[in-house]
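A short worksheet on the structure shown next.
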Amino acid sequence: MSASQEPVINVQAVSKWFGSVVAVNDVSLQVFPGITGLLGPNGAGKSTLLHMITGKASCSEGEVTILGQPARDNPGLYRSVGVMSEHEAVYGFQTGRQFVEFAAKLHGLHPVSEPVDRAIGLVGLEDVQHRTLATYSRGMRQRMRLAAALVHDPQVLVMDEPLNGTDPRQRLEFHDTMVHFAEQGRTILISSHILEEVESIATRILLMVSGKLAAAGDFRAIRAKLDEQAYQVRVVTDSPRKMASALAGTDYVDSVSIGENSELTVLSRNVASLQRSIPQLAQEHGIRLLRVEPLDDSLESIFSYVVDR
């Protein structure tokens, strides 16, 4: 990415609220050609942000542009954008091919035969294209939905949790397809709540937590960012003082305190090591673990996708 390269997707000070609920809070980010992962726990505001990026929802504040044009109320722009939403929206009575043909017609393609053949070929479902979607596995439906998002050969592709329901082989095929598209100079934005899903494919990661952009960079920078802050974890055992002593003897625990009901509050800057060590220490010292839970909302996301879960 050259310093002079213009962003394909530009999000400037965007917020979205529903009544008193703030779903996205003053987010600014840029997406360039290649593959970018939008990472965060469920409920972090990823889907709401993607709805604003793709023009499905208006911004309460701020502005979103794609290819230099407003993302909202701009039908001409949609010819250049492919969207794969999180929720399955298919008619079970349609065949896979009919579903992709329908998408092609909505984009004004004519004739539709050649682009439909190409899109279905990209996802490797030629042999089942004439079966009804009701007979597909969830992974197969995801792949045919991807074909529908690709049928008009978009310059920008936005996908919300596209790997849900896919098996390891299908994920490898998805990886190859995305890399192929990125090598053609396209811009791909993929959301996920699991770091491992996107770190192998995305050249850049955007981390959202509680409606805000918490970090941006490659996956190594994101992992470093996760360890910058100290987080609180509650640990309940049948031997709190023995567990506190064991944890205090490690080099990745900042402090341990014993509160009401003999519950431990552990402060740590290395969540991955803490997560691995708690059951190990309990086993070594003959301690029975009753509960381990994060006390910080942002920590819940880290526990879900941190390394060596």
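Data for the structure
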quantity: Karplus-derived HN-Hα couplings along region 53-68 (A = 6.51, B = -1.76, C = 1.60, θ = phi - 60°), whole Hz, x at Gly and Pro; calculated: 5, 8, x, 6, 9, 7, 8, 5, 8, x, 8, 10, 10, 10, 6, x
quantity: Long-range lysine pairs (8 or more apart or interchain), the chain, Cα under 17 Å; calculated: 6
quantity: Sum of -39500 (n - 2.57) over DSSP H runs of 4+, divided by residues of the chain (222 nm, nearest 500); calculated: -10000 deg cm²/dmol
quantity: Length released on extending from Q30 to Y91, taking residue separation times 0.36 nm less the Cα-Cα span; calculated: 18.5 nm
quantity: For the chain: relative contact order, % (alpha-carbon pairs under 8 angstrom, 6 or more apart); calculated: 19 percent
quantity: Where labels lie 7 Å past Cα in the beta-carbon direction, separation of L106 and V21 in nm; calculated: 2.5 nm
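Every read-out reported here was derived from the displayed coordinates using simple, explicitly stated rules and does not represent laboratory data. Model, not experiment: these values are computed from the prediction. No Cβ is skipped: glycine too gets one built from the backbone with ideal geometry, and neighbour counts run over all protein chains shown.
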